[in-house]
Structure formats: C-alpha cells, structure tokens
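Engineer: First the structure, which I've put down as structure tokens, then a few questions once you've had a look.
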Amino acid sequence: MTTVRTRIAPSPTGDPHVGTAYIALFNLCFARQHGGQFILRIEDTDQLRSTRESEQQIYDALRWLGIEWDEGPDVGGPHGPYRQSERGDIYKKYSAELVDKGHAFPCFCSAERLDAVRAQQMANKETPRYDGHCMQLDPAQAQQRVAAGESHVVRMKVPDTGICTVPDMLRGNVEIPWDRMDMQVLMKADGLPTYFLANVVDDHLMGITHVLRGEEWLPSAPKLIKLYEYFGWEQPALCYMPLLRNPDKSKLSKRKNPTSVTFYERMGYLPEAMLNYLGRMGWSMPDEREKFSLAEMIEHFDLSRVSLGGPIFDLEKLSWLNGQWLRELPVERFAAEVQKWAFNPQYLMQIAPHVQGRVETFSQIAPLAGMFFMGGVSPDASLFAHKKLSAEQVRQVMQLILWKLEALRQWDKERITGCIQAVVEHLELKLRDAMPLMFAAITGHANSVSVLDAMEILGPDLTRFRLRQAIELLGGVSKKETKEWEKLLAAIA
Ligand code: GLU
C-alpha cells in the first residue's frame, strides 16, 4: 500500500492566514491518521508578491499552533527543493513535454489582441476566453519563433465540449462543463510557471496522494485533472474543504475579522485553543465535544464528519473556547503561559528602554505602559478632535495610513514612519498633523511612550487592529469613501 502523503502549499504573499492554518490542520490530521507524511511546499512563483518575510511568518505561525511538517524548505527532505522558485528547470522540462505531445502550444498574442478578443466576446455576451488563435499555427513555425526569442506564453489545450467529472471526497462527483474552462496559461512570458502547471508537477513529483485544499479551487479542478491526464500520471484523491466565513456568511476577510494567525498570538489566545477552534470549523468529534486536543483530533479524524455548510469563524465563539482552555490549565501552567506571552525577557527588553527614563518607581510602569499588554485600547473620542482637520479628514488620514501599514512587510520604525510620511505628504499635511491621531489610536491615551516606538514593539497586528478600532470609533468608512480613498491610495508612492 502506498503511504499517504498530504501537503499544504501556501503562497507567501501576506500575513499568515488562518485559512492556511485550517487547511494545514486537516491535511496534517488526515496524514497522521493514516500513518502518513505531511509536507510543506512554498508556492512562490508570483515573484512580485512573494516575500521571504511572509514565508518565515508562515513557518512561525504554523509552529506556534503546534503544526509540524515532515518535509519542507526549512527542514529539507528527499523531494526538494520545496520552494517553487527553485524548481524553474523542472517546470520548463514538463511544459516542453506538453508542447511536444501537442497538449499545449506557444501563444504569441499581444495584450492588445487579447483585450480586443475579450471586448468582442463580452459584447456578444459570451464567456470571455482565449479564442485559440495561436493553436492554429504550424508547430514547426511556432518553434522557430520561440527559438528566435519571441515573447510568448504556453497555453494548455482544453476540450470545448463535454463535461469534466471531479471526484471530490466530500461532495462525490461534481460535474463541470468544459466550455467554462479557458486555455489556461501554463508558462508565463517571464519563463515562470503558473499555479496550475507547478502545482500538478510538484504534487506528482512529491508523491502527494491526497490533496485537501480550499473549496475556492473547485471550479478550476478540471484543468488540473486534464494536466494529470496529459502527463499520464495518476491523479491524487481530491478534497475541497468548505471555506471559512465571516458571521455574515461572506468569505472570511480581514475587513471583517482579523485573519492573521499572529494577531491571535498577540491577543493572547492559547495555540491549543486556536487549533481546537480551527478543528471545529466544519468538523465535529464523534461525541460532539467542543474541547479537544490535536492528538484527540488525529485519533478520531474522519472526513465523513466534515459538513459542507460554510463554517463561521466567530471571534466570540473562539474567545469562549479559549476561556475554557485557560480555566482548565493547571495554575502553574497558566502562569507560565502568561509569562511566555508577554512577560518574557525578550519583550520586556524592548519596552524597558522606553519606560526607564519616564518613571520614578516600578509601580508607575503599568499606568504608562499597560498598553503593551493589551489587545485593543479604548481611547476617548475627544482625543481625535483636531485643530486643523475636519472629522472626515481625520478618518481619511487614519484609513490611508492603515492601508499603507497593511501592505508593509518589514516592520520597523523607519518603514512605519515612511508610510505615515507618504500619506501626509500626499495630502499636503505635516507629520505633526497625523501623529497625535496615531498616538491616541495606538496608546489609547494622551500621554505614553513615543508612538513610533510603541508601534514597532506592538507589531503589525496590534497596531493595525487598534487603528481599525479607532476608525470604527469615529464612525468607520463608508463604501463611497472607500472607493474614493482607494484611488488616493493608489496615487501615494
Ligand atoms: N498556492 C495555493 C494557495 O496559496 C495552493 C492551493 C492548493 O492547495 O492547490 O492556496
């Protein structure tokens, strides 16, 4: 019998998402329950958006939760490299194989031509898709153009009629008509693969037997299935996990809920409780108990107990469960966890230089620096009254700074200042117009340590959370304002 091998294949393009942890957990449980292996692969073919910082955060977040992998970029293994950016030659070889076999073809169409085709199809009320123009080229001539260095992509051929049956471990056979599928680009003009090619090649070469991924990938499953068929490879078993949702049932998004695992760490959730909660998303223990450990989940894991209704990621429910965990800890362990959370030497050493010169006794530290040990702070709305800016401008400055900070990957004082500076300059304001607002939002008070230091120490998650809360306190941002201000944002360097 072949060994069960599952994987998680995150793209390192932002904060470590709770959805990644959720999918990782289910893949881990499935593998462990079958005595198999769980692999971590980094899908970083999007060179513009992928960063090493984000990759490291994914490792840290998963490890904090207690999720360990048997093979991966940082731990090695027999099927490496486990980072797609280091596997370029492998994809070139397989792309060439598909072209040779006539399953894929080079496409030289310009962006203008593709736009025109698209516009015409939209006008005819057809589904926009590639019209097959370059598929008609004589293969020998096409190869000559490629050899001469002409810019091109490689596209896969797809049937234009009939139905593809996707065997989903949760839903049974799902039927998707072929005419909905585009002639997917497999290799981009820069010579890098797209998700589709890289994912299929890697899952095959890495011996993945079961793929548990988010349900947002179900509509594109036929393309993957076709690629397995073209290569003559056995397709792994497929399982499309229900998506996590906001309480209003929309797809979990950071606009409505913090989605970064590190946020929950900084807020003082226990990793075991967080993992327990993710396990409760769409799955239940045979005896329906709410509180269980990873070991218990692995022991009782059974895909047939996954329910397809979109699981709701609800902060109140998570907090309730966390409370259960905290209360049941032996008190020594509770104290040790508190210490580990924020009363550890490393964190205190970051704070000490900023309070030492400001206090006469230790007992003055808590009133001055208590906000380093808090999640949200509750500033008084009066702290945001501004001599120069209107209430709308106040929200605008804060929202633009928040957006800039959300995109910031390296978190240090200089770069944080750079974000604020860029926004105030664009709005023709001064730093001193924005800083008191930041101060109130982040520290919750009129006096404390320097706000830039505070932001650096608090880290991105708590900083953004407090800014978001302050904006909410001041009435939030309407849909119309969001649209207008996003245009402003795009113009800020
Ligand atoms: N890189 C994809 C992602 O970030 C992987 C999806 C898959 O599991 O195939 O979600």
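Engineer: Being in contact with a helix residue (DSSP H, G or I) (Cβ under 7 Å, 6 or more places away or on another chain) and closer than 30 Å to residue 478 by Cβ is the filter here, so list the residues in region 262-299 that pass it.
Structural biologist: Result: 262, 263, 264, 266.
Engineer: Still on this model: Taking residue 22, is it of a type outside the set (Asp, Glu), open to solvent by less than 40 Å² (accessible area, probe 1.4 Å) and either touching a Ser or Thr at 6+ places or on another chain (Cβ under 6 Å) or within 14 Å of the ligand (Cβ to nearest atom) (or both)?
Structural biologist: Answer is yes for this residue.
Engineer: Within region 89-101, is there a residue that is open to solvent by less than 60 Å² (accessible area, probe 1.4 Å), within 30 Å of residue 408 (Cα to Cα) and within 16 Å of the ligand (Cβ to nearest atom)?
Structural biologist: Taking every residue of region 89-101 in turn, none turns out to be open to solvent by less than 60 Å² (accessible area, probe 1.4 Å), within 30 Å of residue 408 (Cα to Cα) and within 16 Å of the ligand (Cβ to nearest atom).
Engineer: Which one of these is under 22 Å from residue 9 (Cβ atoms), at pLDDT 95 or above, in contact with an Asp or Glu (Cβ under 9 Å, 6 or more places away or on another chain) and open to solvent by less than 60 Å² (accessible area, probe 1.4 Å): 158, 154, 166?
Structural biologist: None of the other options fit; the residue is 166.
Engineer: If you don't mind, another one. Run down 323, 357 and say which single residue is exposed (fewer than 13 other Cβ atoms within 10 Å of the Cβ), within 30 Å of the chain's Cα centre (by Cα) and not aliphatic (A, V, I, L, M).
Structural biologist: 323
Engineer: Follow-up question, since we're still on this one. With region 129-238 as the region, which helices (runs of 4 or more DSSP H) entirely inside it contain at least 2 residues that are under 23 Å from residue 28 (Cβ atoms), of a type in the set (D, E, K, R) and within 16 Å of the ligand (Cβ to nearest atom)?
Structural biologist: 195-205
Engineer: Could we say that residue 416 is crowded, with 18+ Cβ neighbours inside 10 Å, in contact (Cβ under 8 Å) with a residue 40 or more places away in the chain and of a type outside the set (S, T, N, Q) here?
Structural biologist: Here the answer is yes, as residue 416 does meet what is asked.
Engineer: Taking residue 59 as the residue in question, decide whether it is under 30 Å from residue 279 (Cα atoms) and without any contact (Cβ under 8 Å) to a residue 24 or more places away in the chain.
Structural biologist: Against the criterion (under 30 Å from residue 279 (Cα atoms) and without any contact (Cβ under 8 Å) to a residue 24 or more places away in the chain), residue 59 qualifies.
Engineer: So in region 419-461, with the set limited to residues that are buried (at least 17 other Cβ atoms within 10 Å of the Cβ) and of a type in the set (Ser, Thr, Tyr), which one is nearest to residue 355 (Cα to Cα)?
Structural biologist: Among them, the one singled out is 448.
Engineer: Let me ask you something else. When you go through (1) closer than 13 Å to residue 236 by Cβ; (2) within 11 Å of the ligand (Cβ to nearest atom); (3) surrounded by fewer than 24 Cβ atoms within 10 Å (Cβ to Cβ) one by one for residue 6, which number turns out not to apply?
Structural biologist: (3)
The values are calculated or read from the model by the stated rules, or taken from the named source; none is laboratory data. Because the structure is a prediction, the values reported are computed rather than measured. We place every Cβ from the backbone using ideal geometry, glycine too, and count neighbours over all the protein chains shown. When the accessible area is computed, the model is the full protein with side chains, heavy atoms only, and any ligands, DNA or RNA have been set aside. Shrake-Rupley method; radii C 1.70, N 1.55, O 1.52, S 1.80 Å.
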